[in-house]
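Student: My questions will all concern the structure given below.
The values are calculated or read from the model by the stated rules, or taken from the named source; none is laboratory data. Just so we're clear, the structure is a prediction, and the values are computed from it rather than from any experiment. Reconstructed Cβ throughout: ideal geometry from the backbone, glycine too, with neighbour counts over all protein chains shown. Each accessible area value is taken on the protein alone, full model and side chains, heavy atoms only, with ligands, DNA and RNA left out. Shrake-Rupley method; radii C 1.70, N 1.55, O 1.52, S 1.80 Å.
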Amino acid sequence: MKLVFAGTPEVAVPALDALIASDRHEVAAVVTRPDAPAGRGRRLVASPVAERAEEAGIEVLKPVKPRDEAFLARLREIAPDCCPVVAYGALLPKVALDVPARGWVNLHFSLLPAWRGAAPVQHAIMAGDEITGASTFLIEEGLDSGPIYGTVTEMVRPTDTSGDLLTRLAFAGAGLLSATMDGIEDGSLKALPQPADGITVAPKITVENAHVDWAAPALRVDRVVRGCTPAPGAWTVFRDERLKLIQAVPVPARTDLAPGELAVGKKNLYVGTGSYAMELLWVQAQGKKPMAAADWARGVRIAPGERLGGTDVG
């Protein structure tokens, strides 16, 4: 089939690579989000998908909105048979959905109908799911509600961050999307309606969602830290400044600390929760680089009884 691939972040690149490597399909063009400011200089930078497509000599389309008439006209000129999508980042209007003869097929990083929405991997970790996966489905106008072509499953490991899990799903999902294109092309795959039961929603994780509540049990704190790493980053407040929590592990044997209370060891930093303690391994103070939590603790000279916590300080 002739394909137009839609995707934007790094997590979409493995799927693009798999389709470029396919000897059964042609990636005629790529659709991605416009260049965005990045880094300290806020210089405009192309998306990872755009960079990979340009390296491969593939035409790149960067509409501000996918209903832009110039973009739709070019899409009709290309006349793709199918448009595979991975984390494109914009809502596709019906006028665009109607262009490819075999529709737009999305690779979504959950076992639908669980975790429909923008942040399925983060929500799976924060909810304590033990198994997740990826699904390919035919896009319709509802939110991730279209009929499913196929799935792959993936265990959620006890130490997984959302970044760890998403990386594995990106590669497993790349194979699934490629196989889905093959099955659509030869007629061996038919999309089946999603189950009516088991629907959960995974909206974008906000900065407030990533604010750690030390009165919560350690299990909940652990899930928030892992689910919000690397983005948007779990955080707390220390001496009226925000402190980012990059890595922490539960310590069930230590139950002597009040919620948020800090305890400094020779090479360790512990904090109390609503159940047992967490050991902070890596943190990032406001305006600073990430550092080992024990080194940070020595630098700020934590006083006996000092605590983490408080409200957003902006």
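Student: Quick check: pseudo-label points 7 Å beyond the Cα along Cα→Cβ at residue 44 and residue 295, how many nm apart are they?
Tutor: 3.8 nm
Student: What net charge is computed for the residues neighbouring residue 61, neighbours being all others with C-beta under 15 Å from the C-beta of residue 61, Lys and Arg scored +1, Asp and Glu -1? The partial results should precede the final answer.
Tutor: Values: positive: 2, 33, 52, 62, 65, 67, 74, 76; negative: 35, 51, 54, 59, 68, 69, 77.
With Lys, Arg at +1 and Asp, Glu at -1, the neighbours total +1.
Student: Quick one: if the Förster radius is 51 Å, what FRET efficiency do residue 281 and residue 77 give, using the C-beta to C-beta distance and rounding to 0.05?
Tutor: On the way: r = 53 Å, r/R0 = 1.04.
So, using R0 = 51 Å, E works out to roughly 0.45.
Student: Please compute the volume of the convex hull spanned by the alpha-carbon atoms of the chain and report it per residue in Å³. Walk me through the numbers on the way to the answer.
Tutor: Working: hull volume 45.7 nm³, N = 314.
That works out to 145 Å³ per residue.
Student: Over segment 1-94, what percent of the accessible surface lies on carbon and sulfur atoms, probe 1.4 Å? Each step should come with its number before you reach the end.
Tutor: Numbers: 2350 of 4580 Å².
Answer for segment 1-94 is 51 percent, counting heavy atoms of protein chains only.
Student: Of the listed pairs 2/204; 94/204; 62/94; 65/204; 65/190; 65/289, which have alpha-carbon separations greater than 27 Å here? Please report the intermediate quantities before stating the final value.
Tutor: Working: 2/204 32 Å; 94/204 23 Å; 62/94 18 Å; 65/204 20 Å; 65/190 30 Å; 65/289 36 Å.
Among 2/204; 94/204; 62/94; 65/204; 65/190; 65/289, the Cα-Cα distance tops 27 Å for 2/204; 65/190; 65/289.
Student: I've got another one for you. State which helices in the chain qualify, where a helix is a whole DSSP H run, it must extend 27 Å or more along its own axis by its Cα atoms, and its mean Kyte-Doolittle hydropathy must be at least 0.0.
Tutor: Span-like helices in the chain: 162-186.
Student: Which FRET efficiency value, to the nearest 0.05, do you get for residue 91 and residue 208 by plugging their Cβ-Cβ distance into 1/(1 + (r/R0)^6) with R0 = 30 Å?
Tutor: On the way: r = 24 Å, r/R0 = 0.79.
Once the sixth-power term is evaluated, E becomes 0.80.
Student: Only Cα pairs under 8 Å and at least 6 apart count here; give the relative contact order of segment 4-103 as a rounded whole percent. Before the final figure, lay out each step's value.
Tutor: Numbers: 163 pairs, mean separation 33.9, N = 100.
The normalised contact order for segment 4-103 reaches 34 percent.
Student: Between residue 69 and residue 145, what length comes free when the chain is fully extended (0.36 nm per residue of separation minus the Cα-Cα distance, one decimal in nm)? Spell out each step's value before the answer.
Tutor: Working: separation 76, 0.36 × 76 = 27.36 nm, distance 2.65 nm.
Difference between extended and current length: 24.7 nm.
Student: Moving to a separate point now. With label points built 7 Å along Cα→Cβ from the Cα atoms of residue 216 and residue 101, find their separation and express it in nm.
Tutor: 5.0 nm
Student: Where in segment 1-43 does the label zone of residue 186 land, with the point 7 angstrom along Cα→C-beta and an amide N cut-off under 12 Å?
Tutor: 24
Student: Report the FRET efficiency, 1/(1 + (r/R0)^6), for residue 17 and residue 155, where r is their Cβ-Cβ distance and R0 is 35 Å, rounded to 0.05. Write out the running numbers ahead of the final one.
Tutor: Numbers: r = 24 Å, r/R0 = 0.69.
E between residue 17 and residue 155, to the nearest 0.05, is 0.90.
Student: Here's another thing I want to ask about it. With Cβ to Cβ distances under 14 Å as the rule, what net charge do the other residues near residue 154 carry (K, R +1; D, E -1)? Kindly include the intermediate steps, with their values, before the conclusion.
Tutor: On the way: positive: 157, 168; negative: 129, 130, 160, 164.
That works out to -2.
Student: Sticking to Cα atoms, compute the Rg of segment 203-276 to one decimal and its Dmax as the biggest Cα-Cα distance, whole number, in Å.
Tutor: Reported Rg and Dmax, both Å: 12.1, 41.
Student: So for the pair residue 201, residue 241, with labels modelled 7 Å out along Cα→Cβ, what separation do we get in nm?
Tutor: Each label point lies 7 Å from its Cα, and together they span 3.9 nm.
Student: I've got another one for you. Where does segment 71-127 land on Rg/Rh, using Cα atoms and the Kirkwood Rh? Could the numbers behind the result be given before it?
Tutor: Details: Rg = 14.0 Å, Rh = 12.9 Å.
With Rh from the inverse mean 1/r over Cα pairs, Rg/Rh is 1.08.
Student: For the chain, with every protein chain kept in place, what is the accessible area per residue (1.4 Å probe, Å²)? Walk me through the numbers on the way to the answer.
Tutor: Details: 14980 Å² over 314 residues.
Value for the chain: 48 Å² per residue.
Student: Further question: Scan around residue 104 for amide H atoms under 5 Å from its own, H built in the peptide plane at 1.01 Å from N, and keep only partners 5 or more places away or cross-chain.
Tutor: Under 5 Å from the amide H of residue 104: 83, 139.
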